[in-house]
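The values are calculated or read from the model by the stated rules, or taken from the named source; none is laboratory data. Only a predicted model underlies this, so the values are computations on that prediction, with no experimental measurement involved. Here the Cβ positions follow ideal geometry from the backbone for every residue, glycine too, while neighbour counts run over all protein chains shown.
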Amino acid sequence: MSPRKFLFPLVVLVSAAAVFVGGACTDSKAEADRTRSVAAAPVVQVSPTPSESISIAAVGDTMLGSTSQGRGLPAYDGAQMISGLAPIISAADIAFANLEGAMIDGGTQTKCGPNSKFCYTFGMPTRYAKHLKDAGFDIVSLANNHSSDYGAPGRASTRKTMEDFGIIHAGADHRDIPIMNVKGRRIAFVAFATNPVSLNLIDVENSRRVVADVARRADIVVVSFHGGAEGSAAQRVPYGPETYLGNARGDLRRFTRAVVDAGADLVLGHGPHVVRGMEVYKDRLIVYSLGNFAFYRFPFNAVTGLSLILETNIGPDGEFLSGKIHPLVQQGQDGPRPDKNNTVINVVRQLSRDDFGPTAVQVAADGTISAPRAGGSSVPAR
């Protein structure tokens, strides 16, 4: 963790009523189990320099090993899955990940029935939170389609585990909206998904209201969302609503622009298990999918095995300044490793150009990302 990283988590209570749309294999008791999140113990030491830029390192779907469905645990009890990437992750002022699954010791999965097809559950040992902490992660999103795999006990265990290890969480329920004080700026994290527990991105109007309310309380608003179709064929961002296995996964173009219009300064997507393109809208960066980060025993292929750490720098008012893609690849089950071929850099460049044209980020050969050139050109530097 960077010695300049001083985080002071608070909790913002949002009164707007969210409309929740259930997906496949949801927990029927989820609605009754919404409990207020207790933020991690604060370190009250804030740098009074709001003129400085703020760096955020972000990664996508993270599941370090599971005791469920015979998936098993990695070598060295997961200690080497992401440890080699700590210098990049911990250098940022804030490091973010999507935690894909429950952290619980024992328990019973409540999601998949005996005859379920295409239904997967993830239960990570609570001790694995140390791997996240040691790598430098400060905050995780719990708003996704696997946080409730072990029902209410799994959600409660995950929250408590994060708090015990000093990692902030967002999206554990619709009121779990922490604010972190970094370099004299109040930075809020609002996490959305398509489940009956978290704020639901399918209800775009309510999403807009929630973000607008949070923006009145914070200097910078970061929105995380878990949405979109999944798999190798899901790299493109379509116009209109997406579905997966018959379940609604959101109209992501509409949602992302709506939350920026409402006051979001950085939008980070995950869920498709592949990377997607990036664009800049109203001087704010929108990342449609960060892809898989570290996912034990995922059936990786040439597309799903591509990974990255996204480093982004935003100004004191939230405007996008610059960024960098740190390319990774997952070819086996030992976790992500640096990719000397820089494959994901080329993929993100092409996807961004194809899907967003004049608003696409520019992606240089070394992974540096920048806003589109004046006049709408997004042809990358080579």
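One residue is enough: does segment 321-344 have a residue meeting the conditions touching a Pro at 6+ places or on another chain (Cβ under 7 Å), without any contact (Cβ under 8 Å) to a residue 60 or more places away in the chain and more than 22 Å from Gly136 (Cβ to Cβ)?
Yes, there is a match, as at least one residue in segment 321-344 is touching a Pro at 6+ places or on another chain (Cβ under 7 Å), without any contact (Cβ under 8 Å) to a residue 60 or more places away in the chain and more than 22 Å from Gly136 (Cβ to Cβ).
Would you please name the residue that is surrounded by the most Cβ atoms within 10 Å (Cβ to Cβ), looking only at residues in segment 319-336 that are over 20 Å from Asp366 (Cα atoms) and over 18 Å from the mean Cα position of the chain (by Cα)?
Glu319
Any residue that is over 19 Å from Gly228 (Cβ atoms), in contact with a Pro (Cβ under 8 Å, 6 or more places away or on another chain) and free of Cβ contacts under 8 Å to residues at least 60 places away in the same chain - is there at least one of those in segment 288-299?
No, the conditions are met nowhere in segment 288-299.
Glu230 versus (1) within 14 Å of Val211 (Cα to Cα); (2) crowded, with 17+ Cβ neighbours inside 10 Å: which is the lone unmet condition?
Looking at each condition in turn, Glu230 falls short on (1).
Just one of Val222, Val210 is crowded, with 21+ Cβ neighbours inside 10 Å, under 11 Å from Ile177 (Cα atoms) and over 17 Å from the mean Cα position of the chain (by Cα); which is it?
Of Val222, Val210, the one residue that is crowded, with 21+ Cβ neighbours inside 10 Å, under 11 Å from Ile177 (Cα atoms) and over 17 Å from the mean Cα position of the chain (by Cα) is Val210.
Checking the conditions here, which among Val303, Val287 is of a type in the set (Val, Ile, Thr) and farther than 30 Å from Lys183 by Cβ?
Sole residue among the options that is of a type in the set (Val, Ile, Thr) and farther than 30 Å from Lys183 by Cβ: Val303.
Just to check your reading of the model, which residue among Phe122, Phe137 is closer than 24 Å to Gly323 by Cα, free of Cβ contacts under 8 Å to residues at least 60 places away in the same chain and surrounded by 21 or more Cβ atoms within 10 Å (Cβ to Cβ)?
Going through Phe122, Phe137 in turn, just one is closer than 24 Å to Gly323 by Cα, free of Cβ contacts under 8 Å to residues at least 60 places away in the same chain and surrounded by 21 or more Cβ atoms within 10 Å (Cβ to Cβ): Phe137.
Name the residues in segment 82-108 that are assigned to a loop (DSSP other than H, G, I, E, B) and farther than 30 Å from Lys183 by Cβ, would you?
Gly101, Ile104, Asp105, Gly106, Gly107, Thr108
Looking only at segment 151-160, how many residues end up being surrounded by 24 or more Cβ atoms within 10 Å (Cβ to Cβ) and in contact with a Phe, Trp or Tyr (Cβ under 9 Å, 6 or more places away or on another chain)?
Within segment 151-160, residues that are surrounded by 24 or more Cβ atoms within 10 Å (Cβ to Cβ) and in contact with a Phe, Trp or Tyr (Cβ under 9 Å, 6 or more places away or on another chain) number 1.
Sort out which residues of segment 248-281 are of a type outside the set (Val, Ile, Thr) and out of contact with any Ser or Thr (no Cβ under 7 Å at 6 or more places or on another chain), and write them in order of number.
Asp251, Leu252, Arg253, Arg254, Arg257, Asp261, Ala262, Gly263, Ala264, Asp265, listed by residue number.
I'd like the full set of residues that are farther than 20 Å from Gly72 by Cα and either at pLDDT below 95 or of a type outside the set (D, E, K, R) (or both), limited to segment 284-300.
Result: Leu285, Ile286, Val287, Tyr288, Ser289, Leu290, Gly291.
Which of the residues that make up segment 192-206 are part of a loop (DSSP other than H, G, I, E, B), aliphatic (A, V, I, L, M) and surrounded by 24 or more Cβ atoms within 10 Å (Cβ to Cβ)?
Scanning segment 192-206 gives Val197, Leu201.
Mind checking which residues of segment 244-275 are on the phi > 0 side of the Ramachandran plot and either of a type in the set (Lys, Arg) or touching a Pro at 6+ places or on another chain (Cβ under 6 Å) (or both)?
Answer for segment 244-275, where residues must be on the phi > 0 side of the Ramachandran plot and either of a type in the set (Lys, Arg) or touching a Pro at 6+ places or on another chain (Cβ under 6 Å) (or both): there is none.
Pairs needed: first member in segment 145-159, under 18 Å from Asp61 (Cβ atoms); second member anywhere, surrounded by fewer than 24 Cβ atoms within 10 Å (Cβ to Cβ) and not small (Gly, Ala, Ser); C-beta distance under 6 Å; at least 6 residues apart or different chains.
From residues that are under 18 Å from Asp61 (Cβ atoms), the pairs are Ser148/Asp27; Asp149/Gln109; Asp149/Lys111; Asp149/Thr121; Tyr150/Gln109.
Results for (1) in contact (Cβ under 8 Å) with a residue 12 or more places away in the chain; (2) part of a loop (DSSP other than H, G, I, E, B); (3) surrounded by fewer than 20 Cβ atoms within 10 Å (Cβ to Cβ); (4) not aliphatic (A, V, I, L, M), shown as yes or no for each residue.
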site	(1), (2), (3), (4)
Val214	yes, no, no, no
Arg236	yes, yes, yes, yes
Arg249	yes, no, no, yes
Gly269	yes, no, no, yes
Thr304	yes, yes, no, yes
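Can we say Val210 is at pLDDT 95 or above and outside any helix (DSSP H, G or I)?
The answer is no for Val210.
Which one is surrounded by the most Cβ atoms within 10 Å (Cβ to Cβ), of the residues in segment 167-191 that are touching a Ser or Thr at 6+ places or on another chain (Cβ under 9 Å) and over 30 Å from Arg127 (Cα atoms)?
Ranking the qualifying residues of segment 167-191, first place goes to Lys183.
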